[in-house]
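The values are calculated or read from the model by the stated rules, or taken from the named source; none is laboratory data. Everything quoted here is computed from the prediction, not taken from an experiment. Don't worry about glycine lacking a Cβ; one is built from the backbone with ideal geometry, like all the others, and counts go over all protein chains shown. Ligands, DNA and RNA are stripped out before the accessible areas are found, and what is left, the full protein with its side chains, is counted by its heavy atoms. Shrake-Rupley method; radii C 1.70, N 1.55, O 1.52, S 1.80 Å.
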Amino acid sequence: MTDYLKCCLTKFPTPVLMDTAKPVEEINDDIRQLADRMKDIMVEAKGIGLAGPQAGVNLRIFVVSTDGTKENAKVYINPTIKVEGSIEANEEGCLSLPGIYGKIKRYSKCTVTATDLDGNAFTEVGEGLLGRAFQHEYDHLEGRMIKDRLSTPAKIRAKRRLKQLQEEYGE
Ligand code: NI
């Protein structure tokens, strides 16, 4: 058994955050334990979502809870996403990029199809904060973070903070 209980929050520039995550091959007790640990990491860090790479695990799984509670945290395994609607810019942050905030452009609506912890496929439509969280967490599975989506002036403003994070969490 892989010990996912030891997982903790990864911060930029931990390499796993910049990788493309791999599909979850089998939904078993290891994955259920990972999902539970991810919920705890998210709640502890006061976030509303967390993706596998943010727990140091290179797998296509994320959890979202728009009110930040463990009870309402839902697990999405091997998700696909279809975006639609208009593009809206809104303030976002990321637990793996502490101190970095900016207006990020996202689609107003998206549809996520994923597998749950019992191995059943389901589809969910997200708008507003939920739709934004889906797109943010899906980005993590592709190795993308909000620092990559900031406007050019915001990127320039973020430079110093990114350098600090490099020094603090880099090798
Ligand atoms: Ni994030």
Name the one entry in HIS140, HIS136 that is closer than 22 Å to LYS39 by Cβ and touching a Phe, Trp or Tyr at 6+ places or on another chain (Cβ under 8 Å). HIS140
Just need a number here: residues in the stretch 47-76 that are among the β-branched types (Val, Ile, Thr) and touching a Lys or Arg at 6+ places or on another chain (Cβ under 7 Å). 2
Of everything in the stretch 71-95 that's among the charged types (D, E, K, R) and over 19 Å from THR115 (Cα atoms), which residue is surrounded by the most Cβ atoms within 10 Å (Cβ to Cβ)? GLU92
Could you list all residues from the stretch 18-54 that are in contact with a strand residue (DSSP E or B) (Cβ under 9 Å, 6 or more places away or on another chain), within 16 Å of the ligand (Cβ to nearest atom) and open to solvent by less than 40 Å² (accessible area, probe 1.4 Å)? ALA21, MET38, LYS39, ILE41, MET42, GLY49, LEU50, ALA51, GLY52, PRO53, GLN54
Within the stretch 118-155, take every residue that is crowded, with 16+ Cβ neighbours inside 10 Å and aliphatic (A, V, I, L, M) and give me the one that is nearest to ASP19 (Cα to Cα). LEU141
Return the pair list, or none, for Cβ contacts closer than 8 Å from residues in the stretch 71-84 that are in contact (Cβ under 8 Å) with a residue 40 or more places away in the chain and under 16 Å from HIS136 (Cβ atoms) to residues that are surrounded by fewer than 20 Cβ atoms within 10 Å (Cβ to Cβ) and of a type in the set (Phe, Trp, Tyr), at least 6 apart or on different chains. VAL83/TYR107
